[in-house]
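Note sheet for the following structure.
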Amino acid sequence: MNDALGEPQSVLVLGGTSEIALATVRALPRGRLRRVILAARPSVARDSAVAALTADGIAGVTALDFDARSTQEHGAFVDSIFEAGDIDIVLLAFGVLGDQEEAEANPDLAVEMATTNYTGAVSIGLHVARRLRAQGHGSLVVYSSVAGDRARRSNFIYGSTKAGLDAFAQGLGDALHGTGAHVLVVRPGMVRTKMSAGLPEAPMTTDANVVADIVVKSLRKGKETVYAPGPLRFVMAGLKTLPRPVFRKLPR
């Protein structure tokens, strides 16, 4: 439960190797944190994340095995975490970018992407919401993307999964309204991470720590949706009004 100053003491990161989510944990008042769980598949990256947060002076950092695609295990997984103590913030940060051309040529890859980015998120999101509602407090932060605002030819498979995730998260926030629990939907643009390494930088490309600061400030203000960086809101509003023949001619 949040401490006397209203700061979170416990965080669950679903997608425990996400650079943006780890930056968000670092942006929280680390002296207040008592329990941080990095949920992800076993990997060197997950072990390194635990070690790095611990070295940064964040207390109680542990790792748990989690696979977004194993939806039949999500209920028991979430229950085991919440039964060990309340969770103040849940960061839903897993996802795969995939390769658009490969996914078009091999629909199995597209289905794999959709299963991770959307189906897995719906499953774990509903289980988390059930427990947040029961404890009467806590925030679920869902990392969406501006790619879901309007799908582009160059990444419409990924964009469609984020569009679905975004709509789901907004509805889930409405379902939790009045329960004490809260959903924040975060729509970053391009962020400099390992996932985007090697790709041409889009306008307003930013860093993980910038997104993290926006997330923490938005949680304190009780916001429900936020773009990162903020001016992307106006850029995307303009792009959504473009006629399709014009939109198709934009750089990929």
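Of the residues that make up region 52-70, is at least one surrounded by 19 or more Cβ atoms within 10 Å (Cβ to Cβ), in contact (Cβ under 8 Å) with a residue 12 or more places away in the chain, among the hydrophobic types (A, V, I, L, M, F, W, C) and within 21 Å of Arg187 (Cα to Cα)?
Pass one, region 52-70, residues surrounded by 19 or more Cβ atoms within 10 Å (Cβ to Cβ): 53, 58, 61, 63, 66, 68.
Narrowing the set further to residues that are in contact (Cβ under 8 Å) with a residue 12 or more places away in the chain leaves 53, 58, 61, 63, 66, 68.
Remaining after also requiring among the hydrophobic types (A, V, I, L, M, F, W, C): 53, 58, 61, 63, 66, 68.
With within 21 Å of Arg187 (Cα to Cα) added as a condition, the list becomes 68.
Scanning region 52-70 turns up at least one residue that is surrounded by 19 or more Cβ atoms within 10 Å (Cβ to Cβ), in contact (Cβ under 8 Å) with a residue 12 or more places away in the chain, among the hydrophobic types (A, V, I, L, M, F, W, C) and within 21 Å of Arg187 (Cα to Cα).
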For region 23-37, check the following and say yes or no: at least one residue is within 28 Å of Ala134 (Cβ to Cβ), touching a residue at least 40 places away in the same chain (Cβ under 8 Å) and touching an Asp or Glu at 6+ places or on another chain (Cβ under 6 Å). yes
Any residue at all in region 215-222 that is surrounded by 14 or more Cβ atoms within 10 Å (Cβ to Cβ), part of a strand (DSSP E or B) and within 20 Å of the chain's Cα centre (by Cα)? no
Residues (buried (at least 20 other Cβ atoms within 10 Å of the Cβ) and not β-branched (Val, Ile, Thr)) located in region 132-143: Leu132, Gly138, Ser139, Leu140, Tyr143
Restrict the check to region 228-248 and report whether at least one residue is modelled with pLDDT of 90 or more, under 22 Å from the mean Cα position of the chain (by Cα) and more than 24 Å from Ala151 (Cβ to Cβ). no
Looking at (1) basic (Lys, Arg); (2) closer than 21 Å to Ala103 by Cβ; (3) surrounded by fewer than 16 Cβ atoms within 10 Å (Cβ to Cβ); (4) at pLDDT 95 or above, which one does Lys162 not meet, given that it meets all the others? (3)
Using the structure shown, decide if Ala121 is at pLDDT 95 or above, exposed (fewer than 15 other Cβ atoms within 10 Å of the Cβ) and among the aliphatic types (A, V, I, L, M). no
Within the bounds of region 55-64, is there any residue that is assigned to a strand (DSSP E or B), more than 17 Å from the chain's Cα centre (by Cα) and small (Gly, Ala, Ser)? yes
Looking only at residues in region 7-51 that are over 26 Å from His74 (Cα atoms) and hydrophobic (A, V, I, L, M, F, W, C), which one is surrounded by the most Cβ atoms within 10 Å (Cβ to Cβ)? Leu28
Among the candidates Ser154, Ser80, Ser123, which residue alone is hydroxyl-bearing (Ser, Thr, Tyr) and farther than 22 Å from Arg41 by Cβ? Ser154
Give me the pairs: first residue in region 133-158 and in a loop (DSSP other than H, G, I, E, B), second residue surrounded by 23 or more Cβ atoms within 10 Å (Cβ to Cβ) and of a type in the set (Gly, Ala, Ser), beta-carbon distance under 9 Å, and six or more apart or on different chains, which are they? Gly136/Ala181; His137/Ala181; Ser144/Ala169; Ser145/Gly95
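The values are calculated or read from the model by the stated rules, or taken from the named source; none is laboratory data. This structure is a prediction, so every number in the text was calculated from the model and none was measured. As a convention, Cβ positions derive from the backbone with ideal geometry for all residues, glycine included, and neighbour counts pool all protein chains shown.
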